[in-house]
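Here the structure is laid out as structure tokens; the discussion comes afterwards.
The values are calculated or read from the model by the stated rules, or taken from the named source; none is laboratory data. Bear in mind the structure is a predicted one, so any value in this text is a computation, not a measurement. Every residue, glycine among them, receives a Cβ derived from its backbone with ideal geometry; neighbour counts consider all protein chains shown.
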Amino acid sequence: MSIDLKISNLKEFNKKLNKRLLDNKVKEYVTRGTMMVMNTAKESIASGGTGELYEKYQPRRSHRASAPNQPPATDTGFLISQITMKVSVKSNGSVVGQIISAAPYSKALEFGTTNITERPFMQPALEKNKRKIEGLFKKGVLK
């Protein structure tokens, strides 16, 4: 038994194939870049604070707080556990990577409030990885 495959317009076929391969690479690189930013945000929180050391209760423990304008210092690990990522392909073909922090106080930490100086962790993570992400695309997709 044999199956013959005939391609009538090889040029158009190759164009569509290359676009599909490119689309897969774009999603792969967006996923890798999104993961890098997410991991950097989590690491910045886990690295510990540089602020005041104080005693906490229930359970009793010492905690070093974060200094203003530094990433928040982890205490229970809840903030880190609430940081996730999602990559999706939109109907127009664009690929979007999102890092989501579902902790209810994430916005207050990132941007500050009238009572609390900001403790950014998302935007600095993006800035720290920006050149690496650009490099991924320059090497892989845009060559």
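At a glance:
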item: Residue satisfying condition, being more than 20 Å from residue 28 (Cα to Cα), β-branched (Val, Ile, Thr) and buried (at least 16 other Cβ atoms within 10 Å of the Cβ), within set 114, 40, 74; result: 74
item: Any hit, region 97-104, residues being within 16 Å of residue 40 (Cα to Cα), surrounded by 15 or more Cβ atoms within 10 Å (Cβ to Cβ) and over 11 Å from the mean Cα position of the chain (by Cα); result: no
item: Out of 45, 133, 80, sole residue that is among the β-branched types (Val, Ile, Thr), farther than 30 Å from residue 25 by Cα and either crowded, with 16+ Cβ neighbours inside 10 Å or in contact (Cβ under 8 Å) with a residue 60 or more places away in the chain (or both); result: 45
item: Helices (runs of 4 or more DSSP H) contained in region 46-143 and holding at least 1 residues among the charged types (D, E, K, R); result: 106-111, 122-140
item: Near pairs, Cβ below 6 angstrom, 6+ apart or cross-chain, from region 103-127 (hydroxyl-bearing (Ser, Thr, Tyr)) to any residue that is at pLDDT below 95; result: 117/68
